[in-house]
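Here the structure is laid out as structure tokens; the discussion comes afterwards.
Read the figures in this text as sums done on the coordinates, not as results from a lab. Please read these numbers as outputs of a predicted model, since none were measured by experiment. Cβ atoms come from the backbone with ideal geometry, glycine included; neighbour counts cover every protein chain shown.
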């Protein structure tokens, strides 16, 4: 499985609704997300393992999926002769 960051935004007005939907949709995923709402960033963030972008998006309730970004994460381990990640 690959690792993805899931970024699900909502408005300040929809904040309570977002948490409620996350709890109703799949309470287990609520604990995977960290929320920026108390810092006026109405976004839920999670790093999860999934088989695809589409499967990672399924961690978000349907109401918020169209506003959700899913980004596959890669952990680089630069090799000595790796020209792409060599120091300039």
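In whole angstrom, how long is each semi-axis of the equivalent ellipsoid of the chain, when you take the square root of 5 times every eigenvalue of its Cα gyration tensor and sort them from largest down?
Rounded to whole Å, the semi-axes are 31, 15, 10.
Could you check the spin-label model distance between residue 9 and residue 75? Points 7 Å from the Cα along Cα→Cβ, value in nm.
Placing both labels 7 Å along Cα→Cβ, they lie 2.9 nm apart.
So for the pair residue 20, residue 32, with labels modelled 7 Å out along Cα→Cβ, what separation do we get in nm?
2.4
At a 10 angstrom cut-off on C-beta neighbours, averaged per residue, how do the peptides 33-46, 67-80 rank from highest to lowest?
Packing proxy ranking, top to bottom: 33-46, 67-80.
Which angle between 0 and 90 degrees, to the nearest 10, do you get for helix 15-30 versus the longest principal axis of the chain when only C-alpha atoms count?
Approximately 60 degrees, to the nearest ten.
Would you calculate the separation in nanometres between label points at residue 39 and residue 66, each defined as 7 Å from the Cα along the Cα-to-beta-carbon direction?
Label-label distance for residue 39 and residue 66, simple model: 2.9 nm.
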